[in-house]
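The values are calculated or read from the model by the stated rules, or taken from the named source; none is laboratory data. None of these values were measured; they are calculated from a predicted model. Cβ atoms come from the backbone with ideal geometry, glycine included; neighbour counts cover every protein chain shown. What goes into the accessible areas is simple: the full protein's heavy atoms, side chains included, and nothing from ligands, DNA or RNA. Shrake-Rupley method; radii C 1.70, N 1.55, O 1.52, S 1.80 Å.
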Amino acid sequence: MLTIVAVVDGTMITRFTPFLLFPESKEPPRVIRYLGDVLPYAIGGLLVVYALRNTDLTGPTRGIPELVALLVVVVLHLWRHSMILSIAGGTIAYMLLVQFVF
């Protein structure tokens, strides 16, 4: 029971604190606006590095499933500008390629 209370408290604190510190009626500090601009791209870059870190270019598939999935992600993102759709589409494409093609 104490664990559940601690998790709920932690979640509520992390969810509500930004709204208390930076109300909508007040302009947020410059550093917060900067982080809001650059962090999505940094997280996207980290996700790409993390996803491709163990790609074996000398193995039997030579990284082709990963490359195709990466292209699916890029095309979907350029088409719909939706990160969730892009990530889901790339994941589905990769899993289909690995399971049924390679």
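Computed quantities for the displayed model
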item: Neighbours by Cβ (under 7 Å, 6+ apart or cross-chain): first from the stretch 14-35, without any contact (Cβ under 8 Å) to a residue 40 or more places away in the chain; second aliphatic (A, V, I, L, M); result: PHE22/ILE32
item: Flag for THR61 being touching a residue at least 24 places away in the same chain (Cβ under 8 Å) and of a type outside the set (A, V, I, L, M); result: yes
item: Helices (runs of 4 or more DSSP H) contained in the chain and holding at least 1 residues of a type in the set (Gly, Ala, Ser) and open to solvent by 90 Å² or more (accessible area, probe 1.4 Å); result: none
